[in-house]
1. Could you list, in sequence order, the residues of the range 81-126 that are within 18 Å of GLU287 (Cβ to Cβ) and of a type in the set (D, E, K, R)?
2. Which one of PHE103, PHE180, PHE154 is touching a helix residue (DSSP H, G or I) at 6+ places or on another chain (Cβ under 9 Å), under 29 Å from TYR75 (Cα atoms) and surrounded by 21 or more Cβ atoms within 10 Å (Cβ to Cβ)?
3. In the range 195-213, what residues are more than 22 Å from SER242 (Cβ to Cβ), touching a residue at least 60 places away in the same chain (Cβ under 8 Å) and either open to solvent by 60 Å² or more (accessible area, probe 1.4 Å) or of a type in the set (Val, Ile, Thr) (or both)?
4. Determine, yes or no, whether ALA257 is assigned to a helix (DSSP H, G or I), modelled with pLDDT under 90, hydrophobic (A, V, I, L, M, F, W, C) and open to solvent by less than 60 Å² (accessible area, probe 1.4 Å).
5. Of the conditions (1) open to solvent by less than 90 Å² (accessible area, probe 1.4 Å); (2) at pLDDT 75 or above, ALA14 fails just one. Which one is it?
6. In the range 84-127, which residues are without any contact (Cβ under 8 Å) to a residue 60 or more places away in the chain and over 29 Å from PHE188 (Cβ atoms)?
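The values are calculated or read from the model by the stated rules, or taken from the named source; none is laboratory data. Predicted model, so just to flag it, every value in this text is computed and none were measured. We place every Cβ from the backbone using ideal geometry, glycine too, and count neighbours over all the protein chains shown. Side chains included, ligands, DNA and RNA excluded: accessible areas come from the protein's heavy atoms. Shrake-Rupley method; radii C 1.70, N 1.55, O 1.52, S 1.80 Å.
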Amino acid sequence: MPTAEPTTDPAALAERYGLTKSSLRPSLGAYLRELWSRRQFVVSYATARTYAMYAGARLGSVWQVLTPLLNAAVYYLAFGVLLGTKNGIDNYVAFLLSGIFVFTYTQRCMTEGSRSLALNLSLIRTLHFPRATLPLAYVLNELNQMLVSMGLLFVIVGLTDGLAWRWFLVVPALLLQTMFNIGMTLIFARIGTFVSDISQLLPFVTRTWLYASGIFFSLPAKLTQANAPDWVIHVLAFNPISAYIDIVRRSLLEEHAVNQLPHAWAIAVGWSVVALAGGFMYFWQAEDRYGRG
């Protein structure tokens, strides 16, 4: 009686021995647990990137302080002095710095995050780990820079306006923005993996966003002076960056409470939840495609 030839079909062999694809996308719950188990890797990778950014510079990590200050000085000269946007705004230096720091935090998360997977393809193809750890490490790296910048801002506001209990509101404000940034970074990390040109396009998009977010002037005050309808102010208030800038400014600057955007805290919370949940789901759905092809 002839014996059956052993099967060589890969799918049948895998089913017989209980094998599964190593790149198979895990369930959402399992993915979250695995991501949490790699939290130390996220911290270590972010720390290494921060060190590498300034390792070759003569001043080293001092550039973490100099970079935001030099950027602010350029914008102060161009907009505050030459274009006169500082007129009518008390403590314009702190007003400008708070806007620049908040915007730059989101801007850099998006632009750096769009390259986070493309720049680490060799690592992705060599090791099995949740791919979301890479964009998260980039956000953590930018958060570290943001905390340094906010430390400078606290010193400036303390010297010019004095200390106040409302400063504690900066903590939930930055937490909400970080949630938003994580979501946006995950979105652009996935897009940047499959559409490499996005990293070239993003600087133009964020530059337009920069000028439309009320960083160099008080958006409500300008619209009121121009006799703009109330609905225009409410529509512009839905700009997430404008909302995050507004809640940080009203936490630090007492005079900003006069010209605050309507419902900024509610808008900030809404954007944070939507961006984080939507961004994570969007990234996770392509987990088994990263590093392939």
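1. Of everything in the range 81-126, just one residue is within 18 Å of GLU287 (Cβ to Cβ) and of a type in the set (D, E, K, R), namely ARG125.
2. Details: PHE103 fails: surrounded by 21 or more Cβ atoms within 10 Å (Cβ to Cβ); PHE154 fails: surrounded by 21 or more Cβ atoms within 10 Å (Cβ to Cβ).
Exactly one of PHE103, PHE180, PHE154 is touching a helix residue (DSSP H, G or I) at 6+ places or on another chain (Cβ under 9 Å), under 29 Å from TYR75 (Cα atoms) and surrounded by 21 or more Cβ atoms within 10 Å (Cβ to Cβ), namely PHE180.
3. If the condition is that a residue be more than 22 Å from SER242 (Cβ to Cβ), touching a residue at least 60 places away in the same chain (Cβ under 8 Å) and either open to solvent by 60 Å² or more (accessible area, probe 1.4 Å) or of a type in the set (Val, Ile, Thr) (or both), then SER196, ILE198 are the ones that fit.
4. yes
5. (2)
6. Within the range 84-127, GLY84, LYS86, ASN87, TYR92 qualify.
Conditions (1) at pLDDT 90 or above; (2) in contact with a strand residue (DSSP E or B) (Cβ under 8 Å, 6 or more places away or on another chain); (3) part of a helix (DSSP H, G or I); (4) among the aliphatic types (A, V, I, L, M), marked per residue:
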{"site": "GLY84", "(1), (2), (3), (4)": "no, no, no, no"}
{"site": "PHE101", "(1), (2), (3), (4)": "yes, no, yes, no"}
{"site": "MET110", "(1), (2), (3), (4)": "yes, no, yes, yes"}
{"site": "LEU119", "(1), (2), (3), (4)": "no, no, yes, yes"}
{"site": "ARG125", "(1), (2), (3), (4)": "no, no, yes, no"}
{"site": "HIS128", "(1), (2), (3), (4)": "no, no, no, no"}
